[in-house]
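Report on one structure; see the data block that follows.
Quick note: the coordinates plus some simple rules give every number you see, no bench work behind them. Since we're looking at a predicted model, the values are computed, not measured. Here the Cβ positions follow ideal geometry from the backbone for every residue, glycine too, while neighbour counts run over all protein chains shown.
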Amino acid sequence: QTAPSWWKEAVFYQIYPRSFYDSNGDGIGDLEGIRRKLDYLKELGIDAIWLSPIYDSPNDDNGYDIRDYYKIMKEFGSLEDFDRLLLEVHNRDMKLIMDLVINHTSDEHPWFQDAVENENSKYKDYYLFRKSKNDNLPPNNWTSFFSGPAWNYYKQQDLWALHLFSKKQMDLNWDNENLRSEIYQMIQWWLKKGVDGFRLDVINYISKKEGLPDGNEAVGKLMGYYGIEHYFYGPKLHTYLKELKREAFAPYQAFTVGETPGVGMRMAQLLTADYRKELDMIFSFDHLETPGHVRFEDYQYDLNYLKKYMIDWMEHYGSSCWMSLFYENHDNPRMISKVNPDPAYREVIGKLLAMILLTLKGTPFIFQGQEIGAVNQEFHRVEDLKDVESINLYHELEGTLGKEAAFHKVLSGSRDHARTPMQWDASKGAGFTKGHPWIYMDEDFKEWNVKKQTEDRLSVLNFYRELIRLRKNTKALVYGEFEVLNRKKKNLFTYLRKSGEETYLVECNLSNRTIKRDKYGEDYKSVISNYSDKTDCLRPYEATLYRKLS
Ligand code: ISL
Ligand code: CA
């Protein structure tokens, strides 16, 4: 049986600092803004905060392109602001984890600058510089996640350098020992300040296959990206993760969650089994699209797939591993919109998703805004998109699809949906800023905001609060066994969580159809539901938690 840990019992909350709360009216969220909202998070029941990157950055990818690991982004504040924030988080008995982006740095990082300028730079080998394959062609056929080839050309030394993400995010060469040791020092510097752990950005990409061979054509066509098979689970990944843990995290007992796109369950087990001493948890993304569909596609997500996925992981991930639970982050459209954009169902779906998130076995992560039932924003103009991925994709598609269809496709999966400001109240600027928000926002905040939902006993926000409170006071909901009751019944997701004397039952209608209710004994009493009364049938997206009376 799994050993107890603070991070297994915690409810996490992801903050996208740029869009959380602006304290000085420049339209950009900041550290002082986060500090002022700590009581809000505490009252919601949050135990730990994950901050998306706050380091100095030219913001080609909103902070995921780091220029200086030891400085705070100017717009966000200073190191003093950070220390103060950390202190106040700890004073409230909460934890703080940072985002660690160590697969790549900004091309404006001094290491990269020096490497490009000086032929004999000691930083040359910190990156992946290569000669042309044959005249003027990049060294291999790998493509970037943000459109085009994964290589930039630098004429100073007639060399190409690898970037899996934007043209300003240069991949680091983890096979260089000096680089690794500089990174461990940097991590320790933050740990000495008292941060409680890290979310490791695309950490499964750090080890690249020796020789950087061409990607397989068929794989490239299928995935939409070339070269993936040579780095998504590279030859030295486990070696480097073990070293990272030993050299950087373990001495401080720091918590880690790895962002690991595409690894699947088997590899996830190898990355997170506690006895292997690599990562504490990972984020897997396979549940975010129904199979056969991709993010940049306008379709309705089938919650029956979420059921299937969750049952699979609950039953097979194993007792040495611990799962992260989430549906939203800063890289994905809002889940309610994916499931069913009909506004009539917004509130019930928001609560249904909360129910599943907070009653399964694993550590729940809530992304800012999710707790008030945020949905995708209505963008009307290409110029309103800010995300480098969306903008590049739009330009890539424009030629073949035409402007309108290209915009539509980009909007179906744009990361900007999750990056619009937090909707605090109905005032101009949504209570997020007294100035002009850095990114477009529609009128949704007038009806859907924290202030209004705080005052409404039946709001999505209060549903989250209530469920979080319950979870924290109920061992069965954290460590209890999971047992599925209606494995095969379509649209119905029913399961038990059991620990000692306690038994809880969760019953969810995953569809907008009315379905027959199963009969459980008289001794199952409703604890919380997204419908206020009980009928013979389960109504659209109905979700109820029951407790078995002993
Ligand atoms: O791999 C992908 C497509 O199959 C992408 O989803 C990619 O893995 C994912 O976008 C990685 O995200 C993280 O790293 C990026 C950054 O832009 C994201 O915001 C971050 O979450 C580069 O640092
Ligand atoms: Ca600000």
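Cα centroid separation, the range 1-24 to the range 33-108: 11 Å. Mind grabbing the base-10 log of I(q)/I(0) for the range 1-124 at q = 0.21, 0.23 Å⁻¹? Debye formula, identical points on the C-alpha positions, no solvent, two decimal places. Debye output, listed in q order: -1.16, -1.30. Here the peptides 346-353, 452-459 are ranked by packing, the mean other Cβ count within 10 Å, and the order with the highest first is 346-353, 452-459.
Taking the alpha carbon gyration tensor of the range 426-516, multiplying each eigenvalue by 5 and rooting it gives semi-axes of 37, 19, 12 Å, largest first. Binning the alpha carbon pair distances of the range 478-548 at 10 angstrom intervals from zero yields the distribution 21, 55, 23, 2, expressed in whole percent. Treating each Cα of the range 110-171 as one equal point scatterer and applying the Debye formula with no solvent, the log10 of I(q)/I(0) at q = 0.12, 0.18, 0.23, 0.25 Å⁻¹ comes out as -0.26, -0.58, -0.92, -1.06. Under the simplified labelling scheme, the Asn304-Thr514 pair shows an inter-label distance of 2.1 nm, with each label point 7 Å from Cα along Cα→Cβ. Between Arg36 and Tyr479, the C-beta separation translates, for a Förster distance of 25 Å, into a calculated FRET efficiency of about 0.10. Using Cα-only point scatterers and the Debye equation, what is log10 of I(q)/I(0) for the range 157-298 at each q in 0.17 Å⁻¹, rounded to two decimals? After summing over all Cα pairs, the log10 values are -1.07.
If the segment from Asp26 to Lys131 were pulled out straight at 0.36 nm per residue, it would be longer than the present Cα-Cα gap by 33.4 nm.
The fraction of Cα-Cα pairs per 10 angstrom bin, counted from 0 for the range 282-438, comes to 10, 35, 34, 18, 4, 0 percent, rounded to whole percents.
Our note on the geometry: Cα centres of the range 355-399 and the range 326-341, 6 Å apart.
Loop-located GluC sites (Glu not before Pro) in the range 61-163 (DSSP state other than H, G, I, E, B) with a sparse environment of at most 10 neighbouring Cβ atoms within 10 Å: Glu119. DSSP beta bridges fully contained in the chain are about 60 percent antiparallel. Between the residues Pro251, Tyr440, Tyr546, the greatest Cα displacement towards the positive end of the dipole of the chain, with unit charges on the Cβ of Lys, Arg, Asp and Glu, is found for Tyr546. Looking at the range 168-209, the pairs of alpha carbons with a distance over 14 Å make up 60% of the total. Identify, among Phe112, Trp151, Ala161, the residue whose Cα sits farthest towards the positive end of the charge dipole of the range 110-171, taking +1 on the Cβ of Lys and Arg and -1 on the Cβ of Asp and Glu, with the dipole about the Cα centre. My answer, from the dipole projection, is Trp151. If the segment from Asp444 to Glu43 were pulled out straight at 0.36 nm per residue, it would be longer than the present Cα-Cα gap by 142.0 nm.
If you model the chain as an ellipsoid using its alpha carbon gyration tensor, with each semi-axis the square root of five times an eigenvalue, the axes come out at 38, 26, 25 Å, biggest first.
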